[in-house]
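Here the structure comes first, spelled out in structure tokens, and everything after it is commentary.
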Amino acid sequence: MTVKDRSLTTALKKYFGFEQFKGQQEEIIQSILSGQDTFVIMPTGGGKSLCYQLPALLSEGTAIVVSPLIALMKNQVDAVRSYAESDQVAHFLNSSLSRAKVKEVKQDIVSGATKLLYIAPETLTKEETLKFLSQIKVSFVAVDEAHCISEWGHDFRPEYRRIRSMIENLEQDIPIIALTATATPKVRMDIVKTLRLEEPKEFMASFNRDNLFYEVQPKGKKEDVLRRIVQFIKDKAPNESGIIYVQNRKTTEEVAKVLSVNDIKAAPYHAGLEAKLRSDTQDAFLMEKVDVIVATIAFGMGIDKPDVRFVIHFDIPKSIENYYQETGRAGRDGQHAHCLTFYSYKDILRLEKFLRDKPVAEREMGAQLLAEMIAYAETTACRRRFLLHYFGEKYKDEVCRRDEMCDNCKKQHPTENAKEALLLMLQVVKDLHEKLQAKELLDFLLGEKTQSILDFKYEQHKLFGKGRDKDRHYWNSVLRQGLLNDYLRKDIEDYGILRVADAGHDFLAKPSLFEISLNHNFTQEMQDMEEEREQNASSTLDPQLLKILLDLRKQVARKKNVPPFVVFQKVSLEEMATQYPFTIEEMKNISGVSEGKARRYGRSFLTTIKDYVEENSIIRPVDFIIKSVARKSKSKVTIIQSIDRKMPFEDIADSLALRMDELLQELYMIINAGTKLNIDYYIEDILDEGVQEDIEDYFMQAETDNLDTAFEELKEDDISLEEIELYRLKFLSDNAN
Ligand SMILES: [Zn+2]
């Protein structure tokens, strides 16, 4: 391989327009140019692709870039082309290309114009491709997303395992550069072994993203989580870009809808959408026409929006790698960003159920990855430290604690000395010859005679049940922090068997202080949260404000010449005296108040509430109720449509198999919810004009819209209850909505 005689920085400026290399880029490029196998572990956003793009441009021949995602290849090729004079500089080869196009690509490569060829592993393994590649000069092979080679990676692709033999088939001395954005020590070993990298130069950038705030919250009912998400966005990141990850397609639509009705510009994104709609949604996100994308994991691979201010996991991810990758899409610009995950054990059970149908090996692996995710969620230790420990990186949590950059560092949990407990645990692991998995170890300590305990006659051991004075939650906490502090080691390759690590042996020989804080107990935390909310909700009706609002209602009614209940129902006023709405938007969320009604009667109420809150220095409830997606039942929609078509009520009732009184009740609810209905066509047919006037006059001066009260008053004029009920609909619709 020959390098054109130019310094790398000049080349960087020339090809990419940058003045300076980032991090270890320059050393990595030099390593490739010197023909060495090179292994790059660099978190997303670190400038990974430039590490092979620049040397490809500088080398003789064509570099082959193996990349797993056909959907992304075009983007990657476009990115390279945007820096070059001619499109010929980069091409991709995959199953989506026509014969003619493939021919063209090959011509460009043979002519020497193409410096980078992106190729899917499936295409690379084809006889025809190999034959072609053996006739050209290959400068080097870059294996992108190299973790796909390992079963222990979150993205295992079996074809990746054949890359090495393909390269050997080419019979050239071709250096390999493997790149990945996430890899545990285990996956790293797999990559080196399977690609048979020869004494590779390894470059590992830190996985620490110090501008990301990590938080896990207990997940309760869906409505509650949605309310917290809306509140989070409104409080912390209004009009900012964010991504919400959910597990399934239906939820993307549902969450996006709730956000939209709460005036957050949101759109769903999942693999089931038409390609055109998907790319439109991506564009809208990039152009900031949409602030929040609600997506399944399919979103974000090719997206590089630097100012994503938050990533929310509505559902727990399947592995820490997934979590790290997805949260990693936040804060690429280095500015503060928030990563919030909702966790419930129910979600874990659901994920475990999916695993049950998989082949044994895959199931075992999936369960291990999930167990790590649970441990992350439940830990009370620094989350950043936990993540970095997972990726084999040492991190002292002082900085995170100082800057309060994770929930556990922000709100420290009480600690206790668990020296004796750890000693016992290590002793058991050692005594039983390092054969136990986590669950068995805990069963042993708690003295539970499970089948596997009995099979090995562990119940006869002298330490069996010695940890009974504490509960499983306690022992789980000891185990987790024993692992995090490297006293114990989990052999993932060997079914997650626990072993005593070096520090553990030292501890057994010379025990010292072992401070731990107990894991989160989210079930308990969730209950506490709900209780607190209920208390808040019931205790905050402000009687003084309610009285003021009732008086105001009277005044407004008088001025508008309508009865008070037409302005607002009393229940609506009670809710206002609890929630203190300030804007029409907020007022719309009060039950019985439609947007039209809020605009028609609301203004003076809003001013009054605002003044009252300011005068009395009231702190408004933090969790302002959010608007849920209006669920108009099918029959309600049918009723409204039928009335628009001026259908007689009898026919409407018939078509829906309702009695007349049931239909009138439905109509009353529709109108009270703020919908205006014109039922004059029917009234004119049924009610005598004089009767109409009598009822109108009555309601105009009435204190309440109660039917019985009205009937008492009107029965002497020979007006029936049904007539009153019917006309009341017209009255309310005309005056209140
Ligand atoms: Zn922390």
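Quick note: the coordinates plus some simple rules give every number you see, no bench work behind them. For clarity, every value in this text was computed on a predicted model and none was experimentally measured. Neighbour counts run over all protein chains shown; Cβ positions are idealised from the backbone, glycine included.
So the values come out like this:
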read-out: Derived scalar couplings ³J(HN,Hα) [the stretch 589-599; Karplus, 6.51 cos²θ - 1.76 cosθ + 1.60; whole Hz; x for Gly, Pro]; value: 7, 6, 5, x, 10, 8, 4, x, 5, 4, 6
read-out: Zero-based 10 Å bins, Cα pair distances in the chain, whole percents; value: 2, 11, 17, 18, 16, 13, 11, 7, 4, 1, 0
read-out: Least to most buried among T44, T114 (fewest other Cβ within 10 Å first); value: T44, T114
read-out: Using a Förster distance of 35 Å, the FRET efficiency for D528-R620 (Cβ separation, nearest 0.05); value: 0.95
read-out: Residue-span extension gain [E288 to L72] - 0.36 nm each, minus C-alpha spacing; value: 75.6 nm
read-out: Cut-off under 5 Å, modelled amide H: who pairs with T379 long-range; value: H520
read-out: Rh (Kirkwood; distinct C-alpha pairs) - the stretch 416-516, Å; value: 13.4 Å
read-out: Gap separating the Cα centres of the stretch 696-718 and the stretch 223-266, nearest whole Å; value: 46 Å
read-out: Residues with amide H under 5 Å from that of H338, placed H, sequence gap 5 or more; value: F213, F310, V311
read-out: Amide H contacts under 5 Å for M405, placed H, 5+ residues apart; value: none
read-out: Aspartates and glutamates with Cα under 16 Å of K318, excluding same-chain neighbours fewer than 8 positions away; value: E151, D155, E326, D347, E352, D357, E362, E364, E372, E378
read-out: Cross-link reach list, aspartates and glutamates versus K510, counting only Cα pairs under 16 Å and skipping chain neighbours closer than eight places; value: E420, D486, D502
read-out: Cleavage-rule hits (GluC sites (Glu not before Pro)) in the stretch 57-152: DSSP loop, at most 16 neighbouring Cβ within 10 angstrom; value: E60, E85, E151
read-out: Partners for K457 among lysines (Cα-Cα distance below 24 Å; same-chain residues under 8 apart left out); value: K430, K435, K439, K449, K466, K470, K490
read-out: Cβ-Cβ FRET estimate between K222 and R162, R0 fixed at 35 Å, reported to 0.05; value: 0.20
read-out: Nitroxide proxy distance, nm - points 7 Å out along Cα→Cβ at Y681 and E60; value: 8.6 nm
read-out: Cβ-based exposure ranking for I297, I312, in which fewest neighbours within 10 Å come first; value: I297, I312
read-out: Stokes-Einstein D in µm²/s, Kirkwood radius over Cα pairs - the stretch 521-618 at 25 °C with 0.890 mPa s viscosity; value: 170 µm²/s
read-out: Folded to 0 to 90 degrees: helix 570-579 orientation relative to the chain principal axis, Cα; value: 40 degrees
read-out: Extension reserve of the E398-Q412 stretch, reckoned as 0.36 nm per residue once the Cα distance is removed; value: 3.8 nm
read-out: Taking M287, M587, M204 and counting other C-beta atoms within 10 Å, the order from fewest to most; value: M287, M204, M587
read-out: Kirkwood-type radius of the stretch 242-353, with distances r between different C-alpha atoms, in Å; value: 14.2 Å
read-out: Mean residue ellipticity (222 nm) of the chain, computed from DSSP H runs ≥ 4 via -39,500 (n - 2.57), nearest 500; value: -15000 deg cm²/dmol
read-out: Nearest-0.05 FRET efficiency for D87 and D644, computed from C-beta distance (R0 51 Å); value: 0.35
read-out: Mean separation of Cα contacts under 8 Å, 6 or more apart, over the residue count of the chain: relative contact order %; value: 9 percent
read-out: Degrees separating the helix 275-286 axis from the principal Cα axis of the chain, which is the longest one; value: 90 degrees
read-out: For the stretch 636-736, convex hull volume per residue from C-alpha positions, Å³; value: 92 Å³
read-out: Degrees, to the nearest 10: 634-644 long Cα axis against longest axis of the chain; value: 50 degrees
